[in-house]
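The values are calculated or read from the model by the stated rules, or taken from the named source; none is laboratory data. Everything numeric in this text was worked out from a predicted model, so none of it was measured. Note that each Cβ is placed from the backbone with ideal geometry, even for glycine, and that neighbours are counted across all protein chains shown. Surface areas here come from the heavy atoms of the whole protein model, side chains and all, with no ligands, DNA or RNA. Shrake-Rupley method; radii C 1.70, N 1.55, O 1.52, S 1.80 Å.
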Amino acid sequence: MGEDKEKLLNKKKTNYFPVIILVFTIMLIIGIFAITRNNNNNNIEDNIFLIGENAINSDGVSFCITNVQNTKTLGSGFFSDTTTNNFILIDITVTNNSKKQITIYGGCADLYNSSNIKYEYYTSLYINDIISENIGVGLSKNFQMVFETPTTTEQEDYIIKIGYSTFTSDKNRVNIKLDKSN
């Protein structure tokens with residue numbers, strides 16, 4: 001009876017080493033795929049549009065920058081916003097040619113300089129600000145966006161990366177170069 005018990009214990013011992021190696025290999029492949037995909041999505045040099053061009057994303061939403069202005073003051077009078085640096089004021093038209101309503105707001109855009117430094121949206125009471133705006137299918141809306149930067153668009157190359165959601169992948173974002181000379 002002692003031998004039967006020992007045989008039973010030996011049968012229950014399973015070699016998990018191949019399973020662990022398989023799981024580790026699958027996780028490694030998934031990790032490499034995710035890193036490669038993330039690097040491709042963050043490459044702001046892919047598909048760059050220019051001022052005045054309709055930059056259409058994968059969902060059919062069009063983003064068109066109609067004007068770019070550098071200024072030190074937003075608004076006028078006693079309560080204006082001022083900076084010792086630079087405000088880049090961007091006029092943009094968003095046209096929703098997708099199949100669903102979208103919501104756009106300032107946090108949906110980031111500005112990058114030539115060193116890939118990111119500048120986030122600056123909220124101001126003195127512009128036609130994108131606070132949160134729903135855009136129905138087939139409709140267009142005009143907005144202004146502001147970014148505070150250390151240099152002007154004449155001194156530095158900037159690219160705005162804009163979409164309509166910060167919670168999805170970059171597939172719905174477009175890249176527009178803020179260079180008046182091109």
Whichever residue in the stretch 130-182 is open to solvent by less than 40 Å² (accessible area, probe 1.4 Å) and touching a Cys at 6+ places or on another chain (Cβ under 7 Å) and, among such residues, is modelled with the highest pLDDT: Ile162
Of the numbered conditions (1) open to solvent by 40 Å² or more (accessible area, probe 1.4 Å); (2) modelled with pLDDT under 90, Ile127 satisfies every one except a single condition; which is it? (1)
The stretch 65-104, residues that are of a type in the set (Val, Ile, Thr), closer than 23 Å to Glu53 by Cβ and open to solvent by 40 Å² or more (accessible area, probe 1.4 Å): Thr66
Could you give every pair whose Cβ atoms fall below 7 Å, whose first residue belongs to the stretch 73-97 and is over 22 Å from Leu178 (Cβ atoms) and in a strand (DSSP E or B), and whose second residue is of a type outside the set (Asp, Glu) and open to solvent by 40 Å² or more (accessible area, probe 1.4 Å), counting only separations of at least 6 or pairs across chains? Asn96/Val137; Asn96/Gly138; Asn96/Leu139
When the residues of the stretch 105-119 are filtered to those that are surrounded by 12 or more Cβ atoms within 10 Å (Cβ to Cβ) and part of a strand (DSSP E or B), which remaining residue is modelled with the lowest pLDDT? Ala109
